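Since every read-out is calculated from the coordinates, none of them should be taken as a lab result. Treat the numbers as computed from the prediction; the structure is a model and nothing was measured. Note that we place each Cβ from the backbone using ideal geometry, even for glycine, and neighbour counts take in every protein chain shown.
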Amino acid sequence: MSPGAWWEEPVHSLERVWVGLAFLIAVVFFSASMLVWHRFGSQNVTGRAYRVSPQAYQAEVERFVQRYKVGEEGGQPVVAPPPGSDVYVLAQRFRFYPILLLKAGERYMLHVASIDYLHGFSITQPHVWNLQLYPGYEWVVPVVPRHPGTYHMACNDFCGVGHEMMLGKIVVER
Ligand SMILES: [Cu+2]
């Protein structure tokens with residue numbers, strides 16, 4: 001070892017301890033964020049998207065509405081699907097269709113698609129359901145609406161004159 005070459009000295013045992021501790025903390029935080037937070041956190045929902053034609057999707061939504069319709073509100077059907085089932089929302093300029101009536105704490109498979117242009121589907125609090133609806137693709141997202149209340153999803157992708165009035169409704173009952 002040449003004189004003054006500190007970098008060639010062996011690592012001190014305390015330094016090994018500190019490196020080990022830092023590594024352990026990194027592992028703990030990584031696990032907490034990737035495993036625990038993903039399971040219990042209130043971040044945005046995740047799902048899969050499949051190719052679908054506007055006609056096929058519209059027909060599917062219509063079947064869903066006919067099957068579980070329980071009423072009407074402002075010219076829109078109110079649909080109450082059973083817990084555990086597939087539920088459908090269709091987006092088009094400038095509305096979301098139909099109105100959903102869901103049970104708090106139950107799991108649903110939420111299908112959402114646009115049948116014309118690019119739209120957004122955004123509920124922010126307390127459920128974070130934020131999806132971009134690219135025409136030709138159908139989102140299938142497992143959701144559990146935990147909090148009873150009335151929620152309005154807004155279109156958050158500008159889609160033309162009338163975009164600002166594009167609001168849908170989901171009612172979550174106890
Ligand atoms: Cu829109």
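Miscellaneous remarks
- Taking the C-alpha atoms only, the angle from helix 54-68 to the longest principal axis of the chain is near 70 degrees.
- Estimated [θ] at 222 nm from DSSP helical runs (n ≥ 4, -39500 (n - 2.57)) normalised by residues in the chain, nearest 500: -7000 deg cm²/dmol
- Between the Cα long axis of helix 13-31 and the first principal axis of the chain there is an angle of about 10°, rounded to the nearest 10.
- Cα→Cβ-extended label distance, 7 Å offset, between Ala59 and Leu167, nm: 3.5 nm
- Only the Cβ atoms of Lys and Arg (+1) and of Asp and Glu (-1) were treated as charged; on that basis the dipole of segment 10-123 about its Cα centre amounts to roughly 140 debye.
- Segment 36-64 and segment 95-130 have Cα centres separated by 8 Å.
- For Val87, nonlocal amide neighbours, meaning residues 5 or more places apart or on other chains whose placed amide H falls under 5 Å from its own, are Met109, Leu110, His111.
- Note on Ala5 and Met109: the model spin-label points, each 7 Å out from Cα along the C-beta direction, lie 6.6 nm apart.
- In this structure the amide hydrogen of Leu133, modeled in the peptide plane, comes within under 5 Å of the amide hydrogens of His119, Gly120, Phe121, none closer than 5 places in sequence on its chain.
- Extension gain, Leu21 to Leu118: 0.36 nm times the residue separation minus the Cα-Cα distance gives 30.1 nm.
- Put in order of Cβ neighbour count within 10 Å, fewest first, the listed residues Phe40, Phe23 become Phe40, Phe23.
- Residue exposure proxy: Leu100, Leu24, ordered by other Cβ atoms within 10 angstrom of their Cβ from fewest to most, comes out as Leu24, Leu100.
- DSSP-defined antiparallel bridges as percent of all bridges, segment 49-173, nearest 5: 70 percent
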